[in-house]
Amino acid sequence: MKILKIKANIFLYVFFLILSCQTCYAFEKNKSATLKIEKFFKSLITLEANFIQVSPSGNVSNGKIYLDLPGKLRIDYEKPKNLLITCKGFWIVIQDREAKTSNNIPVKNSPFALLLQNTSFLSNQNIKKEYIIEAGVISLKLKSQNNDNHESLVLEFSENPFSLKKWVIQDSLGENTTVLIQNAKYNNKLSH
């Protein structure tokens, strides 16, 4: 009986030691990922890239994206979409060039609010952050602490070389729109 008790105590000690090491390792990986992402966004001034967008219904669109921080965004869809999304200030403007219509959405109510601001969103206490790190990919899920709905933004980075590869916007219905970034050029001067 005494030997079984000793073995059980040793097993529990080793189990909690391993669990503790795994928790520390996961914390260190998250901390390292946070530092890499912060460094990426602190050094990000401009982004010019091609994109492929997959809607919740599976429709595929493509075009060019331009980001000029802080606060400027241009997403130019190629035909047949004929959409142009721009931001310079407080509004996201969505223009349908074929129908000659436009909609304005406050930047703060859009998923781009985090990317367009001049401050680090990783230190924002109102944003819940979840990391998944595997196979050379860092996924960071961002969600408002004050909001119980399904809306979130997932940023996915490759670790080597470290760069933004895609983002996934989950709407209030839980449906995902995925945007894959290709041929990205960082911190080049953009024309108007």
For residue 45, other-chain or 5+-apart residues with amide H closer than 5 Å (H placed, Pro excluded) are 187
Taking r as the C-beta separation of residue 160 and residue 97 and R0 as 35 Å, the FRET efficiency to the nearest 0.05 is 0.35
Under the 7 Å Cα-to-Cβ spin-label approximation, residue 141 and residue 50 lie apart by a distance in nanometres of 3.1 nm
Surpassing 18 Å at the alpha-carbon level, of the pairs 42/64; 36/165; 31/129; 100/189; 64/189, are 42/64; 100/189
In nm², the average projected area of the convex hull spanned by the Cα atoms of the stretch 67-118 is 3.5 nm²
Plugging the Cβ-Cβ distance of residue 190 and residue 38 into 1/(1 + (r/R0)^6) at R0 = 22 Å yields, to the nearest 0.05, a FRET efficiency of 0.40
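Read the figures in this text as sums done on the coordinates, not as results from a lab. Note that the coordinates shown come from a computational prediction; the quantities given were computed from them, not determined experimentally. Backbone-built Cβ (ideal geometry, glycine too); neighbour counts: all protein chains shown.
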